[in-house]
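J.: Quick one: this structure, given as structure tokens, is what I'll be asking you about.
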Amino acid sequence: MNVLLITVDSLRADRVNEEVMPSTRSFADDALEFTECVANGPSTPASFPSIHASRHFASIQGLGIPAEGGVVTLAEHLHEAGYMTSGYTDNHFASGSYHYDRGFDLIHDASSTTEAGKLKQFVQSNLNKSGLLFKTIERVYTQADAFWTTTTGNESEYERAESLNRRALEWIDEQDDDEDWFVWLHYMDVHHPYEAPDEYQRKFLNEPANVAECRRLSRKGTHHPEDMTDEEWDTIRRLYDAECAYTDDQIDSLLTELDERGVRDDTVICLTADHGELVGEHQHAGHPPEFWEGIIRVPFILDGVGETGTVDDQIRLLDTAPTLADAVGLNAPSVWQGESALEVARGDANAREFAFGDVGRQINYERSYVRRADGWKLIRHADDGEFLYDVQSAPAETAADNRVGEGLTVYDELTEQLEEHQRQMAALRSGERGVDEDDEMVEEHLRDLGYIE
């Protein structure tokens, strides 16, 4: 069996619905859908070790995964089993720069190959940040960004899903019929700034916004949310939905192409996201280093595994690699920290009783969370304090819903579980090192992706 892993950056679980993503909704209805999948981090750097290597972000010192040894990636595991492997990404933090190329015969990293990316990286790397030229560029960043997009012939900030699909399908066509393959596609379209093609914007807006306006709103909502108007929040939500609708069409197109090639029936397909997104909730846009449900709840859909239906028990992105290995009859490496979600679907295992997440910058484990399978969740947001919610009864997670300080036994249980998790992660970190967070490349990549101004 072939394996196709599609990860959609910043896709909220609730957008897989008939109005915004009808084709993906139909795909999920005919497949095996896990409705309670949670991310182990609120950003690409914090989440991707769990997806590719079944490791908590907090178990590795620095960002990414080690250059060699220590962990085993899904691509390495499948490659060792005889699979041909290829990956397609346009996110620095999900690329070879952070060693996610391990196990791939081919990795296409558009974030380091596009002309716009090269130009931006040159500006960041070669101009004196205290100099007049850099400050001038920074003041007109939105217009400059739009100019780079237009002059380099790119229609958006990132390489579009349609283009990544084409690259992957060309590679699939080159493979021998008797060889199994593993393809990983990471779509960036849903990541801010939201600048879907006009035809998709018109589904949600009276008039499409131009590139400069999309990026202005994105930067304002992400970095200066206190200045946003209600009208701007509404536009942000509509632009986000337009990107989801575009991505929906590209997922449908890819599945259709696999059908026409006669390979879909021989392919296990997993569709998920590295994290979700805020579009005005908690007065934020994007995915700040916080653990609200809109950020950690992600879709998780499996096709071609001999099971269909809906599973409402909690699983984690940590379970992605073990699940796909199980789907093709492979045992999971002992170093993987997750377990196969198929065991939950079959009734051979209970819901994952606890899910954990941590986050850097500077590996700040005062920002972390634990979520119990019944929906009770303890969040630590460093100086912003602790929050305890029953998200089944209070999904909006408002200030009035916060149960910290009420003397509930669930608070003590979740505190104990989270602190024990952090002790275990600290012990593992001493032996595993990724890319140092102080590396100059990290700051450039954070800036390119809009995490910092």
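J.: Here are the criteria: (1) among the acidic types (Asp, Glu); (2) crowded, with 20+ Cβ neighbours inside 10 Å; (3) in a loop (DSSP other than H, G, I, E, B). Tell me which single one Glu18 does not satisfy.
T.: (2)
J.: Further, regarding this structure: Can you tell me which residues in segment 215-269 are among the hydroxyl-bearing types (Ser, Thr, Tyr), under 17 Å from Gly286 (Cα atoms) and at pLDDT 95 or above?
T.: Here is the first cut: in segment 215-269, the residues among the hydroxyl-bearing types (Ser, Thr, Tyr) are 218, 222, 229, 235, 240, 246-247, 253, 256, 267.
Applying the additional criterion that residues be under 17 Å from Gly286 (Cα atoms) yields 218, 222, 229, 235, 240.
Selection gives Thr229, Thr235, Tyr240.
J.: When you check Asp252 against the structure, is it of a type in the set (D, E, K, R), more than 27 Å from Val38 (Cα to Cα) and more than 19 Å from the chain's Cα centre (by Cα), yes or no? Even if it seems obvious, please write down each step before you answer.
T.: Values: of a type in the set (D, E, K, R): yes; more than 27 Å from Val38 (Cα to Cα): no; more than 19 Å from the chain's Cα centre (by Cα): yes.
Judged against the criteria, Asp252 is not a match.
J.: OK, next. Restricting to segment 229-241, and then to whatever is in contact with an Asp or Glu (Cβ under 9 Å, 6 or more places away or on another chain) and not acidic (Asp, Glu), can you tell me which residue is surrounded by the fewest Cβ atoms within 10 Å (Cβ to Cβ)? Before the answer, list the steps.
T.: Applying the first criterion (in contact with an Asp or Glu (Cβ under 9 Å, 6 or more places away or on another chain)) to segment 229-241 yields 235, 239-241.
The next check asks that each one be not acidic (Asp, Glu); those that pass are 235, 239-240.
Working: Thr235: 20, Leu239: 27, Tyr240: 27.
This residue is Thr235.
J.: Take the residues in segment 350-361 that are modelled with pLDDT under 95 and out of contact with any Phe, Trp or Tyr (no Cβ under 6 Å at 6 or more places or on another chain); name whichever of them is nearest to Gln424 (Cα to Cα).
T.: Val359
J.: How do the helices (runs of 4 or more DSSP H) wholly within segment 55-160 filter down when requiring 3 or more residues that are at pLDDT 70 or above and in contact with a helix residue (DSSP H, G or I) (Cβ under 8 Å, 6 or more places away or on another chain): which remain?
T.: Details: elements: 74-80, 115-126, 132-139, 141-151.
In segment 55-160, 74-80 are the helices (runs of 4 or more DSSP H) which contain 3 or more residues that are at pLDDT 70 or above and in contact with a helix residue (DSSP H, G or I) (Cβ under 8 Å, 6 or more places away or on another chain).
J.: Additional query: List pairs: first in segment 414-437 and surrounded by fewer than 18 Cβ atoms within 10 Å (Cβ to Cβ), second at pLDDT below 80 and not hydroxyl-bearing (Ser, Thr, Tyr), Cβ under 8 Å, 6+ apart or cross-chain?
T.: Asp436/Val442; Glu437/Gly360; Glu437/Arg361; Glu437/Gln362; Glu437/Ile363
J.: What is the residue count in segment 300-344 for residues that are part of a loop (DSSP other than H, G, I, E, B), touching a Lys or Arg at 6+ places or on another chain (Cβ under 8 Å) and in contact (Cβ under 8 Å) with a residue 60 or more places away in the chain? Explain how you work it out, then say what you get.
T.: Step one: filter segment 300-344 for residues part of a loop (DSSP other than H, G, I, E, B), giving 304-308, 312-314, 328-340.
Among the residues that remain, those that are also touching a Lys or Arg at 6+ places or on another chain (Cβ under 8 Å) are: 304, 307, 313-314, 335-339.
Imposing the further condition that a residue be in contact (Cβ under 8 Å) with a residue 60 or more places away in the chain reduces the set to 304, 307, 313-314, 335-338.
So the answer is 8.
J.: Which condition does Glu290 not pass, out of (1) in contact with a His (Cβ under 7 Å, 6 or more places away or on another chain); (2) surrounded by fewer than 24 Cβ atoms within 10 Å (Cβ to Cβ); (3) not in a loop (DSSP other than H, G, I, E, B), if it passes all the others?
T.: It fails just one condition, (3).
J.: Kindly list, by first and then second residue, each pair from a residue in segment 254-267 that is within 12 Å of Ile172 (Cβ to Cβ) to a residue that is of a type outside the set (Phe, Trp, Tyr) and surrounded by fewer than 12 Cβ atoms within 10 Å (Cβ to Cβ), limited to pairs with Cβ atoms under 8 Å and residues at least 6 apart or on different chains.
T.: So the pair list comes out as Arg261/Asp173.
The values are calculated or read from the model by the stated rules, or taken from the named source; none is laboratory data. All of these numbers come straight from a predicted model, not from anything done at the bench. Backbone-built Cβ (ideal geometry, glycine too); neighbour counts: all protein chains shown.
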